[in-house]
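Below: one structure, written as structure tokens.
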Amino acid sequence: MKNNSIKHLIRPHILTMKPYSSARSEFEGKAELMLDANENPYNSHINRYPDPLQMKLKNRMADWKNVSEEQIIIGNGSDEIIDLLIRLFCRPTIDKIRILNPSYGMYEVSAVLNEVELIHSVLDENFQLDSNILKTNWDPNEKLFFICSPNNPSGNTIDSSLINSIIENYSGIVVIDEAYIDFSDSASYISKINQYPNLFVMQTFSKSIGAAGLRVGYGMSSVEIISFLNKIKPPYNLSTIVQEEAIKQLDKINDLKEQIEEIKGERKMLFQVLSDLKIVEKVYDSEANFLLTKVNDASKIYNILKNKGIIVRNRNGQHHCDNCIRITVGNPAENKLLIQTLKSISNE
Ligand SMILES: *Cc1c(COP(=O)(O)O)cnc(C)c1O
């Protein structure tokens, strides 16, 4: 993108709209008496509204990710970030977003909900993006390009030199969804957010940190984009309890390295064992914590597993995913049970 500011991409009414000013954002700091927000004086631990900008948590995250607090937006899961991005940039029935096909389902759901049209960039049979994408005449109304890397459901990363060229070439904002980056050997795009004003990187507590129940996803980008997102987000989108728990999760972040290594080791083991099964036609290389696995009959195997209490994701019907199931890498005991069960199905 040639332009340094992304202001021209923002929906015009958001530039001028007056955001909700919460009691908590009008007064910050310690006061003797807080009688400004109609809070109840009892139930002392959670009687106050939370910090709308989650500064304590952002302070920790800024150190961790080597960005400034003003370059971070935290959402009630990445799903909230996806929705906020679409609502910030896309005028309903006019603007469009571009997504990979196949990829994560929430981009499409959020777009459809907001009456925003989809443009598909279809991946090849190895789930790579064709370099011809660089010859695209971008639609003047396309505002966001969601690139999931490592991609869900395929597990591979999208070629990084191609992503670089797309960021330089694209007319709108490129969103890299790095939900699975910690399971990958590829570098994060966070280090490039200062270089590219139209780059937005998304990560989450749901996968490598193991805190999907917490609902914490976050985006990192220019101060300009983040401040617009802060303007439109629900003021109290993360509860006090969630903010505190997220900090506790970061306190033990170093212990997670071993766990991630274990999952990567189990992924390698599963890849080999699954590849040798008679019912398996192909296991796709994965840089995530799941394996897309092509079997002889996905619906049949999905149902047999389900009846034995093992739930996998049937991806049959998605582009290039005929007869594919997506299997999450579990702990060693879970993987052992899965393997035993698949072996018995295979030998039937
Ligand atoms: C799981 C996942 C997320 C995480 O979403 P949360 O709302 O943060 O739980 C984001 N993107 C992709 C591609 C995912 O697979």
For region 220-241, indicate whether the set of residues that are open to solvent by less than 60 Å² (accessible area, probe 1.4 Å) and in a strand (DSSP E or B) is non-empty. yes
Being more than 26 Å from LEU256 (Cβ to Cβ) and open to solvent by 60 Å² or more (accessible area, probe 1.4 Å) is the filter here; which residues of region 310-348 pass it? ASN316, GLY317, HIS319, HIS320, ASP322, GLN340, LYS343, ASN347, GLU348
Could you list, in sequence order, all residues of region 180-206 that are part of a helix (DSSP H, G or I), open to solvent by 10 Å² or more (accessible area, probe 1.4 Å) and either within 21 Å of LYS268 (Cβ to Cβ) or within 10 Å of the ligand (Cβ to nearest atom) (or both)? ILE181, ASP182
What are the pairs with Cβ atoms under 9 angstrom where one residue, in region 12-26, is under 24 Å from PRO50 (Cβ atoms) and the other, located anywhere, is open to solvent by 60 Å² or more (accessible area, probe 1.4 Å) and among the hydroxyl-bearing types (Ser, Thr, Tyr)? Sequence gap at least six, or different chains. SER22/TYR49; SER22/TYR236; ALA23/TYR49; ARG24/TYR49; ARG24/TYR236
Based on what the data block shows, is ILE209 closer than 21 Å to LYS143 by Cα and open to solvent by less than 40 Å² (accessible area, probe 1.4 Å)? no
If only one of ARG267, ARG215 is within 16 Å of the ligand (Cβ to nearest atom) and open to solvent by 40 Å² or more (accessible area, probe 1.4 Å), which one is it? ARG215
Residue set ILE82, ILE97; condition within 15 Å of the ligand (Cβ to nearest atom), open to solvent by less than 10 Å² (accessible area, probe 1.4 Å) and in contact (Cβ under 8 Å) with a residue 60 or more places away in the chain; output residue ILE82
Of the numbered conditions (1) surrounded by fewer than 14 Cβ atoms within 10 Å (Cβ to Cβ); (2) under 27 Å from ILE14 (Cα atoms); (3) under 19 Å from the mean Cα position of the chain (by Cα); (4) more than 12 Å from the ligand (Cβ to nearest atom), TRP64 fails exactly one; give the number of that condition. (2)
Is it the case that region 50-57 has a residue that's at pLDDT 95 or above, open to solvent by 90 Å² or more (accessible area, probe 1.4 Å) and under 33 Å from the mean Cα position of the chain (by Cα)? yes
Just checking, which of LEU256, LEU250, LEU292 is under 24 Å from THR204 (Cα atoms), at pLDDT below 95 and open to solvent by less than 60 Å² (accessible area, probe 1.4 Å)? LEU256
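The values are calculated or read from the model by the stated rules, or taken from the named source; none is laboratory data. All of these numbers come straight from a predicted model, not from anything done at the bench. A quick note on method: Cβ atoms are made from the backbone with ideal geometry, for glycine too, and the neighbour counts reach across all protein chains shown. Ligands, DNA and RNA are stripped out before the accessible areas are found, and what is left, the full protein with its side chains, is counted by its heavy atoms. Shrake-Rupley method; radii C 1.70, N 1.55, O 1.52, S 1.80 Å.
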